[in-house]
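A short worksheet on the structure shown next.
The values are calculated or read from the model by the stated rules, or taken from the named source; none is laboratory data. Since the structure is predicted, the reported quantities are computational estimates derived from the model, not experimental observations. When we count neighbours, we look across all protein chains shown, and the Cβ atoms used for this are built from the backbone with ideal geometry, even at glycine. These area figures cover heavy atoms from the full protein model, side chains too; ligands, DNA and RNA do not enter into them. Shrake-Rupley method; radii C 1.70, N 1.55, O 1.52, S 1.80 Å.
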Amino acid sequence: MTSIEHVPTICPYCGCGCGIYLVVRDGELVGMEPWKDHPVCEGKNCQKGRNAHACSTSDQRLLRPLVKRDGVFEETSWDAALSLIAEKLGSAAPDEVGFINSAKCTNEDLYVIQKFVRVVKKTNNMDNASRFCHSTSVPALLSTVGSGVMPTSTISIEQADCIFVAGPNLQETYPIIARRIIRAKRKGAKVIVADPRRTITARNLADLYLQIYPATDNALVNGMMKFILDEGLEDKGFIEERTKGFEDLKHYLQGLDLGEIERITDIPLDVIKEAAFMYGKAQNACILYNAGIAQHGAGIENIRALVDLALMTGNYGKPGTGVNPLRGHANGEGFGDMGPLPVFYPGFQKVNEETAKRFEDLWEVEDLPSTPGMTYMDMVEKCKVLYIVGANPMSAAPDTTRVRQALKRKEFLVVQDIFMTETAEMADMVLPAATSMEKDGTMTGVDRRVQRLYKAVAPPGDARPDWGIFCELAKRMGFEAAFGFDSPADIFEEIRKSVPQYKGITYERLKKPSGIQWPCPTEDHPGTEVMFVGKFPTADGLAQFQVAEYTPPLEVPDEEYPYIFTNGRVVFHFHSGTMTRRTRRLNNELPHGFAEINPEDARALSIQEGDQVRLTSRRGTIETVAKVTEDIRKGLIFVPWHFSECAPNILTGPCAGPPSKMPEFKFCAVKVEKVS
Ligand code: SF4
């Protein structure tokens, strides 16, 4: 008799944290079913979620460890593969080794990986592609409100009466959040969208759309704040009781030249004023942002300006308020929480001697590293041995040509993944990993919601879960005692001791479908939907205003490269396309990239819809198909992220300096030609 099981899990794509049921027939994963009483998605999933199972069942999965000999991959055994990796890692000095990880991994995988790097290799050289999304968010939010997390819940966005969408194309990139906004609108909420592209989000959701000149976001927000201040709409009580530094901001805004703001942003002042009043007069106003704000040389200033706007209007500490960073990956928040980062141990505990000592005691080990490790691009450039788990720098990192050259120089490159990616092709050793549907564990979504995943099927071939691979390696390298984990449940019990925010969360409690939002200090605590109620997590409990002046991008258009290049996601694909392009239904919807170009620019360049076009920056060239549309500003070109044959990062380039080291992904100068 046929047996059919419905196994609950979390969608492996974006950070919304939608629940889905995996359908398992006679032990085989055959589909998904919507999870109707899941609180985040209520049975509604976007196209990616509805096809989530397909990346697991793909016939392109990696099945066996592969070693490269004379430039050709050959299958090898796990025993031989792990012995060789142990030998290479063992013979390299701590500062010669780097680890790049992925927010596709579970919390349990990431916890074990960071522990391995610190305990076995005595280094903090580890990072992931979130560096490219939110390395500006962390310093901006820590220096203002004391924490880099989303302060409310995606569900409570419905309670906002004004939502300022500062950049993200939510209907394509976070469709379930867009759904909450539609509900808020039905209750009367007003929506402001600022984006150089008139996206589907701008067309469908905006009551007020601002087609802003690219990379001028903090100038726009400063202009909005000046109108709020001039009109006396600031929340004087909140400013007095909960913040400091307002006088400096006020002084700066009083001297602001609004004519200059209009010129910089290319938004008429009456429109900026309308946006300011729409936001400033709301009871609960919520700001949502992502890479379009953060991935700039001036990303820190952009985010600080948004925080200033929320603080001066008292929009923190209530449902449906705050400045909310949207993390791209399913476990984007969990990645930060688990600490596989160069500057934080688990629980965002700063890398220093005191923290290292605390973890030496907890883990019963010695000589943990107490100085910050290398960040993503430094490891790609400088480490002799690089171990990459679930990441694809050949597509995700800026300036692909430079990345390729750097990876070719590696003495030993290991890639652990579910598919043969562009980066895996360059490796000396490739290890087959399990997907999130093939292991137990937890993931933590964009709003700090920790949720359970349940193993639906066994991994194919010899593929293994990431945590198991690292435990086995640690044992081979002489650290058996610290890595004697039997199961993800076992690992989670240690996570609860290492990450204070997770202390009250247990696997048992996570059986209920709502998950638990951290911080959750005790086992009878319900979790925390809204943060910063009453006080901010700063030394004195107050938030700090920071003046955020406009600074131009690092590379601006000129005579030789006269167009601005930007990029983003589309609804059918995710990140570098590793998983979605191997999902037949998604790939059929959009099998290739394109370049959006304004009709005026197209006419000037004799380009028509469907023509092949060549885009060239100072770093490289890509070719793709022209899509002529009024929805993009004149002078701006947009290419989606997901297609390695026209990967935007062949063009992107300059990086900001410390502390963020953020590559300017969303703005560089290009020239455009029709390919004859
Ligand atoms: Fe998955 Fe995000 Fe779509 Fe939900 S909105 S189904 S989490 S990709």
Looking at the stretch 582-604 only, could you name the residues that are at pLDDT below 95 and assigned to a loop (DSSP other than H, G, I, E, B)? 583, 590, 591, 592, 593, 594
Among the candidates 191, 149, residue that is away from the ligand (no atom under 16 Å from the Cβ), part of a strand (DSSP E or B) and in contact with a Lys or Arg (Cβ under 8 Å, 6 or more places away or on another chain): 191
Counting only residues in the stretch 58-81 that are open to solvent by less than 50 Å² (accessible area, probe 1.4 Å) and in contact with a Pro (Cβ under 7 Å, 6 or more places away or on another chain), the one nearest to residue 578 (Cα to Cα) is identified as 61
Among the residues of the stretch 14-35, what is the count of those that are open to solvent by less than 60 Å² (accessible area, probe 1.4 Å), within 23 Å of residue 461 (Cβ to Cβ) and either of a type outside the set (Gly, Ala, Ser) or within 13 Å of the ligand (Cβ to nearest atom) (or both)? 6
Can you name the residue in the stretch 4-13 that is in contact (Cβ under 8 Å) with a residue 24 or more places away in the chain and either open to solvent by 20 Å² or more (accessible area, probe 1.4 Å) or more than 15 Å from residue 45 (Cβ to Cβ) (or both) and, of all such residues, is farthest from the ligand (Cβ to nearest atom)? 5
Over 26 Å from residue 60 (Cα atoms), assigned to a loop (DSSP other than H, G, I, E, B) and either open to solvent by less than 10 Å² (accessible area, probe 1.4 Å) or in contact with a Cys (Cβ under 7 Å, 6 or more places away or on another chain) (or both): does that describe residue 398? yes
Residue 87 - would you say it is outside any loop (DSSP other than H, G, I, E, B), closer than 23 Å to residue 388 by Cβ and either of a type in the set (Asp, Glu) or away from the ligand (no atom under 16 Å from the Cβ) (or both)? yes
Given the structure, is residue 451 within 30 Å of residue 152 (Cα to Cα) and either free of Cβ contacts under 8 Å to residues at least 24 places away in the same chain or in a strand (DSSP E or B) (or both)? yes
What number of residues within the stretch 417-458 satisfy the criterion of being over 26 Å from residue 6 (Cα atoms), acidic (Asp, Glu) and over 22 Å from the mean Cα position of the chain (by Cα)? 2
Do we have any residue at all in the stretch 466-481 that's assigned to a loop (DSSP other than H, G, I, E, B) and open to solvent by less than 20 Å² (accessible area, probe 1.4 Å)? no
Residues of the stretch 507-539 satisfying the condition of being assigned to a loop (DSSP other than H, G, I, E, B) and either open to solvent by 80 Å² or more (accessible area, probe 1.4 Å) or small (Gly, Ala, Ser) (or both): 508, 512, 514, 515, 523, 524, 526, 527, 533, 534, 535, 539
Residues 354, 333: which one is open to solvent by 10 Å² or more (accessible area, probe 1.4 Å) and among the acidic types (Asp, Glu)? 354
If we keep only residues of the stretch 36-76 that are of a type in the set (Gly, Ala, Ser) and within 16 Å of the ligand (Cβ to nearest atom), then the residue nearest to residue 171 (Cα to Cα) is 49
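If you check residue 495 against the conditions, is it surrounded by 15 or more Cβ atoms within 10 Å (Cβ to Cβ) and over 21 Å from residue 17 (Cα atoms)?
no
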Quick one: how many residues across the stretch 160-176 are at pLDDT below 95 and farther than 26 Å from residue 638 by Cβ? 0
